[in-house]
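Undergrad: Following this message is one structure expressed as structure tokens.
The values are calculated or read from the model by the stated rules, or taken from the named source; none is laboratory data. The structure displayed is predicted, hence computed values, not measured ones. Every residue, glycine among them, receives a Cβ derived from its backbone with ideal geometry; neighbour counts consider all protein chains shown. For accessibility, only protein heavy atoms count, side chains too; no ligands or nucleic acids. Shrake-Rupley method; radii C 1.70, N 1.55, O 1.52, S 1.80 Å.
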Amino acid sequence: MHLVLNLASAPPIAVAVLLAATVVSPSDIRNGIAGRETSDGGGIVPYSVLVLIFSLAILCISIDEAGLFKIVALTVVRRSSIDGNADARWLFASFFFLSAALTIVASNDVVVLTVTPILLHFAQTASVDAVPFLMASFCVCNVASMALYVGNPTNVIVAQATGINVLEYTKVMGLPTVVSIVVAFIALCVVFWKRVPKIIAVIPTVAESDAIIPDLFGAWFGSLMLITTLVLLMVFPLFMDVSVWIIALPFAGVTLLKEIAFDIFKRQPSNNASTIELSILNSNEQSEFMPQQFTLGKEDGIHTRHIQDQIGSTAILPADSSTEVQRQSTRATDATNLLARRLPRTTTILIRLPWGLIPFTLGMFIFVETLTSLNWTALLATGLAAVSTSAVTTIFSIAVISALACNVLNNLPMSILFAEAINHERYLDGVLQHLDGNTEAAESLRHAALYGLVIGSNIGANILFVGSLAGLMWNEILRRNSVKGVTQLRFFGWCACITPFVLAGACICLFAEMQGGFFH
């Protein structure tokens, strides 16, 4: 027997146990996957959230595989260098705003996996303290991800809970995101400015040839697909009621077909069959959040890659099962090698997709559905309604409570639970009591609570590593590169000086928008 326990497998295993104990019912599982539509046309549809996430991930990873994100970061370093010297503080600001821009057009996961290694290489080569640059890049990722509906899975979950469309979301959250980015930059400068030297005497040399995009057509094609998708996600809701996943999925499919065609027609065949090895890390050494190493022979024109596996594994094996497991591993490796030899880049993109999110997310949706059927979500709704007495208390209370809850539950399951609670009739009933039965004002406060939840679910990831999957991956990248200066305690200490101000700035801006009639 081969039992794997990790964030991907634990929720389904727990659901199976609870189902056997009759705590979880078949209807809970059905609603946890297909969702339930509320009376106002809203409601979270779990499978559509996953389809949207994976569609956008395919687009972003395709662009990354074409080399665009890496080249952008390397170009920033190259152009900052004059005769081997560079203004490190200008670089600090450049990487901060570059990370913000990439997060808005891609996602925080892509920035963590793309920009972080470049910052580590830059710091090592230039003999400069990497911590300020790493913290600036990571912190702004969890702030800029608020900007767009598709910037973070938590945004999609919250928006679907009450039927907020893409354009309305962007209109409301755009300004709070800009304000939060500015506040975050000021706070980061206050905390880390003295640790950033004014001039770096030795800057990493990046040749002109290194700043050429390896796959220019792929970069342009992927960027066009991504931009078109984002534009249509904003425009379509103005003319028709269509699910966002239906818009994004075709573009992801076209992109995958392009990658398959690239592998078939563009890859140079070699005279000698190359050896493709998939080295599976020992379970005692394998991290829970970092990728396995995927190595392709150089004859195929592809070098060693680290393939993202956001939800890793920790194996629990009986003593007599090693032979069978080894045979299964060999068969899996052979199949993967065959696919990788024929379609190397397509295989890379598919392996980099966050497959662990499927069982993790669906398992958490089923748990929330079960809590709802057992009236626990109603109790949470009653508690949240108790602090939603006015616009200012609603926005600040929900944002702070959800930000703290991120670091207990992780921001994804927290968003699922809180969105269901705010969408619960108990919440609206509780708010109506504060407002003497004013239904319009109560509905306005419910929208304010949902946007406060968006703020908390994003910025709350800047407290502890466990606040988001991106934080856990980022921490593991630092650990594997022997970055000793970022411990959990130090990270919390720095964030304690940054996050409250960023959270306050976003909430104040959101409150001002509400008072100004931006949403109701």
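Undergrad: Mind checking which residues of segment 347-356 are in contact (Cβ under 8 Å) with a residue 24 or more places away in the chain and either part of a loop (DSSP other than H, G, I, E, B) or open to solvent by less than 10 Å² (accessible area, probe 1.4 Å) (or both)?
TA: Listed by number, the residues that qualify are Thr348, Ile349, Leu353, Pro354, Trp355, Gly356.
Undergrad: Can you confirm whether segment 435-445 contains a residue that is open to solvent by 40 Å² or more (accessible area, probe 1.4 Å), part of a helix (DSSP H, G or I) and at pLDDT 90 or above?
TA: Scanning segment 435-445 turns up no residue that is open to solvent by 40 Å² or more (accessible area, probe 1.4 Å), part of a helix (DSSP H, G or I) and at pLDDT 90 or above.
Undergrad: All but one of (1) in a helix (DSSP H, G or I); (2) open to solvent by 60 Å² or more (accessible area, probe 1.4 Å) hold for Leu417; state the number of the condition that does not hold.
TA: It is condition (2) that Leu417 fails.
Undergrad: To continue, here is another question. Inside segment 107-122, can you point out the residues that are modelled with pLDDT of 75 or more, aliphatic (A, V, I, L, M) and buried (at least 20 other Cβ atoms within 10 Å of the Cβ)?
TA: Val111, Val112, Val115, Ile118, Leu119
Undergrad: Another one. Give segment 162-173 a look and list any residue that's part of a helix (DSSP H, G or I) and closer than 21 Å to Met240 by Cβ, or say none.
TA: Thr162, Val166, Leu167, Glu168, Tyr169, Thr170, Lys171
Undergrad: Also, I was wondering about something else. Just to check your reading of the model, which residue among Ala147, Ala161, Ala187 is farther than 21 Å from Leu472 by Cβ, touching an Asp or Glu at 6+ places or on another chain (Cβ under 8 Å) and open to solvent by less than 20 Å² (accessible area, probe 1.4 Å)?
TA: Ala161
Undergrad: Quick one: is Asp129 of a type in the set (D, E, K, R) and not in a helix (DSSP H, G or I)?
TA: In short, yes.
Undergrad: What do you reckon, is Asn462 of a type outside the set (D, E, K, R), within 25 Å of Ser137 (Cβ to Cβ) and open to solvent by 40 Å² or more (accessible area, probe 1.4 Å)?
TA: Judged against the criteria, Asn462 is not a match.
Undergrad: Just name the residue that is least open to solvent (accessible area, probe 1.4 Å) out of those in segment 422-431 that are out of contact with any Ser or Thr (no Cβ under 7 Å at 6 or more places or on another chain) and either over 24 Å from Asn411 (Cβ atoms) or of a type outside the set (Ser, Thr, Tyr) (or both).
TA: Checking each candidate, the answer is Ile422.
Undergrad: Filter segment 242-260 for residues that are among the small types (Gly, Ala, Ser) and at pLDDT 90 or above and give the result.
TA: Ala252, Gly253
Undergrad: Looking at this structure, is Ala16 among the aliphatic types (A, V, I, L, M), within 24 Å of Phe360 (Cα to Cα), open to solvent by 10 Å² or more (accessible area, probe 1.4 Å) and at pLDDT 80 or above?
TA: yes
Undergrad: Go through segment 351-369 residue by residue and tally those that are among the hydrophobic types (A, V, I, L, M, F, W, C) and under 17 Å from the mean Cα position of the chain (by Cα).
TA: Total meeting the criteria: 8.
Undergrad: Let me ask something else about it. Name the pairs: first residue in segment 476-501 and in contact (Cβ under 8 Å) with a residue 24 or more places away in the chain and more than 30 Å from Gly452 (Cβ to Cβ), second residue crowded, with 17+ Cβ neighbours inside 10 Å and acidic (Asp, Glu), Cβ to Cβ under 9 Å, at least 6 apart or on different chains?
TA: Close Cβ pairs (under 9 Å, with a partner that is crowded, with 17+ Cβ neighbours inside 10 Å and acidic (Asp, Glu)) amount to Glu476/Glu288.
Undergrad: Go through segment 138-161 and give me each residue that's assigned to a loop (DSSP other than H, G, I, E, B) and not hydroxyl-bearing (Ser, Thr, Tyr).
TA: Met146, Ala147, Leu148, Val150, Gly151, Asn152, listed by residue number.
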